[in-house]
Amino acid sequence: MELTTADAAAARAELIASIKEYAITYGDFTLKSGARSTWFIDTKRAICRPPTLFRTAQLTLNVLAEEVTTIGGLTMGADPIAFATAAIAQASGRHLGAFSVRKEVKEYGQGGRIVGSLTEYDRVCVVEDTPSRGTSLKAAIEAVEATGATVVQTLAIVDRGGSASRVVAPIPFVALITAPDLGLPYEGGLEYS
């Protein structure tokens, strides 16, 4: 089910409000990249609330490329939105698989890094909750491509750093919202050690 322009705008406004209320913390933080920042976004604190998760999944489905057959990315950043989007898609009549990429190869059981619905024939959207640089997206792309599947789109809930689109190029990148949408600076505002 595709959202109308008005419904998409309302869902996006709800997502922004929820992230501002629940997910942004101010202080002195070291990011995964090693950069220092005076603010941090823990997007999962907002999107894992049922109304926000539902609306975020709707927004994700609304911008998902038509050719995408499965969605996922590095665990934990991708998990809530990948699985919720697949569930909303099914309720809307679109079959969409979901998967997680483990950070490390599992040495027992069936092993491997990919868990869930992913085959070599899939056309994939790699998702991340809050990329600063895009390196987690890139790592997930490499793990997916190692299976033989084709990554056709990347997506962020919040583009924190403003550089993810360059890191994943030429694969198309879309962000539901950006740091400036939250009144925060892009990567240029970060302090590097």
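Values in this text are rule-based calculations from the coordinates and carry no lab data. Quick caveat, the model's predicted, so the values are computed rather than measured. A quick note on method: Cβ atoms are made from the backbone with ideal geometry, for glycine too, and the neighbour counts reach across all protein chains shown.
Among beta bridges identified by DSSP and lying wholly in segment 36-193, the antiparallel ones come to about 20 percent. Pair-distance distribution of the chain: all C-alpha pairs, bin width 5 Å, starting at 0; shares per bin in whole percent are 1, 8, 17, 20, 21, 16, 10, 5, 1, 0. Kirkwood analysis of segment 1-69, using all unique Cα-Cα pairs, places the hydrodynamic radius at 13.5 Å. Here r is the Cβ-Cβ distance between Glu67 and Asp28 and R0 is 41 Å; the resulting FRET efficiency, rounded to 0.05, is 0.40. Annotation: the antiparallel percentage among DSSP beta bridges lying fully within segment 1-102 is about 50.
Peptide packing for 80-86, 170-176 was compared via the average number of neighbouring C-beta atoms within 10 Å per residue; ordered from the highest value, the list is 80-86, 170-176.
Spin-label pair Arg36-Ala6: with each label point 7 Å from Cα along the Cα-Cβ axis, the two points sit 4.9 nm from one another.
Its residue count N sets the reference 2.2 N^0.38 Å, and the alpha-carbon radius of gyration of segment 87-187 equals 1.16 times that reference.
For the chain, excluding the exposed loop sites themselves (GluC sites (Glu not before Pro), DSSP loop, at most 14 other Cβ atoms within 10 Å), the longest remaining stretch covers 121-193. Within the straight-line cut-off of under 19 Å between alpha carbons, the aspartates and glutamates reachable from Lys20 are Asp28, Asp42, Glu128, Asp129, Asp159, Asp181, Glu187, sequence neighbours fewer than 8 places apart in one chain being disregarded. Excluding same-chain neighbours fewer than eight residues apart, the lysines reachable from Lys103 by a Cα-Cα span under 22 Å are Lys32, Lys44, Lys138. Take the Cα of Arg166, step 7 Å along the line toward its Cβ, and report every residue of segment 137-154 whose backbone nitrogen sits under 16 Å from that point. Of the residues in segment 137-154, 138 have backbone N under 16 Å from the label point off Arg166.
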